[in-house]
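Worksheet for the structure shown next.
The values are calculated or read from the model by the stated rules, or taken from the named source; none is laboratory data. Here the structure is a predicted model, which is why all the values come from computation and not from measurement. Methodologically, a virtual Cβ is constructed for each residue, glycine included, from the backbone with ideal geometry; neighbour enumeration extends over all protein chains shown. Side chains are part of the model used for accessible areas, which takes the heavy atoms of the whole protein and leaves out ligands, DNA and RNA. Shrake-Rupley method; radii C 1.70, N 1.55, O 1.52, S 1.80 Å.
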Amino acid sequence: MLTYETWAEPDLVFDETSDTKGALEVLEWAYSTYKDDIVYSCSFGIEGIVLIDLISKVNPTARIVFLDTGLHFKETYDCIEKVKNRYPDLNIELKKPEITLEEQKEQYGDKLWEKDPNLCCHIRKVVPLRETLEPVKAWISGLRREQSPTRKHVNYINKDEKFQKVKICPLIHWTWKEVWRYVYKHDLPYIVLHDQGYPSIGCQPCTQPAINMDDLRSGRWVGHQKLECGLHESTSVTK
Ligand code: SF4
């Protein structure tokens, strides 16, 4: 089994020309390889909705974890409920940070996301994901190459230096249009804010409608030199 500790260049070829551009084949390989030793960390953004549907076809009882910062939009929580109803066998968990928002305010002051969003993301996302991944060998992410310059070299299978796991990204070749075509074709539930100018949705204080629709993440952390929440920055990419 390929793990972070035994990492070697994966000698695997997936059919990028298949109906799902390799995604279903990658998921079949991932779940047959890692079985219970893999988790999907899902933000419930539109790519996440596609991945959940694909995962449900491969492993109907898969474990899916949402990093519940306590600062998400009501619409996001509404969507999670709809997804739970549609896929009752999936094991969907809401992972909370060690400290509450009240404790964060006492320790670091009010609205840490304005003063130091990197620290806020570290406390409310990075540490909870590290705890989630601690017992497993691999995790799944919905990154797509066209999303941003920071994601354009991501591969199906990546050595994740940050969390010291194998990171699997089945949707790397999907375009924005293909994601939506799949959602409409299968009548999938999604966060309704996507219809109101929010192509990328994170925590409420750090998410606005996109400023530039050519940059789908341009509504995230507006006014800060920040492009990622810290979950994907150190993925070592191999070709
Ligand atoms: S996205 Fe914003 S509110 Fe959410 S954890 Fe990061 S800094 Fe905090």
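Let me make sure I get this right: for region 29-80, a, b and c are the square roots of the gyration tensor eigenvalues over alpha carbons, sorted descending. Under 1.5 in a/c it's rounded, otherwise prolate if a/b > b/c, else oblate. Which is it?
It is prolate, given that a/c is not under 1.5 and a/b is the larger ratio.
Averaged over all directions, how much area does the convex hull of the C-alpha atoms of the chain cover when projected, in nm²?
12.4 nm²
Pick out which of 24, 133, 101 has the largest mean-square fluctuation in a Gaussian network model of the chain, springs linking Cα atoms closer than 10 Å.
101
Applying 1/(1 + (r/R0)^6) with R0 = 22 Å to the Cβ-Cβ distance of residue 85 and residue 204, what FRET efficiency is obtained, to the nearest 0.05?
0.40
What number comes out for the charge environment of residue 93, summing +1 per Lys or Arg and -1 per Asp or Glu over other residues with Cβ under 13 Å away?
+2
For region 85-117, which GluC sites (Glu not before Pro) are in a loop by DSSP, counting at most 11 other Cβ atoms within 10 Å?
Counting only loop positions with at most 11 other Cβ atoms within 10 Å, the GluC sites (Glu not before Pro) in region 85-117 are 98.
Would you work out what percent of the accessible area of the chain, with all protein chains in place, is carbon or sulfur (probe 1.4 Å)?
Looking at the chain in its full context, I get 48 percent from C and S.
Let me check against my output: what whole-number percent is the relative contact order of the chain, with C-alpha pairs under 8 Å and at least 6 apart?
Reported relative contact order: 24 percent.
Give the Debye-formula value of log10 I(q)/I(0) at each listed q (0.13, 0.17, 0.18, 0.29 Å⁻¹), with one equal scatterer per alpha carbon of region 121-182, two decimals each.
One equal scatterer on each Cα of region 121-182 leads to -0.41, -0.66, -0.72, -1.16.
Alpha carbons only, please: Rg and Dmax for region 1-138, in angstrom.
17.3, 53
Given the -39500 (n - 2.57) contribution per DSSP H run of 4+ residues, what per-residue ellipticity at 222 nm results for the chain, rounded to the nearest 500 deg cm²/dmol?
For the chain, the value works out to -8500 deg cm²/dmol.
For the chain, what does the accessible surface come to per residue with a 1.4 Å probe? Please give it in Å².
I get 48 Å² per residue for the chain.
What helices does the chain hold that run 20 Å or longer along their axis, going by alpha-carbon atoms, with a Kyte-Doolittle average of -0.5 or more, using DSSP H for the helix calls?
Qualifying helices, which must be both long enough and hydrophobic enough, do not occur.
Please compute, for the alpha-carbon atoms of region 102-225, the extent along each of the three principal axes and give them in descending order in Å.
Extents along the principal axes: 47, 37, 27 Å.
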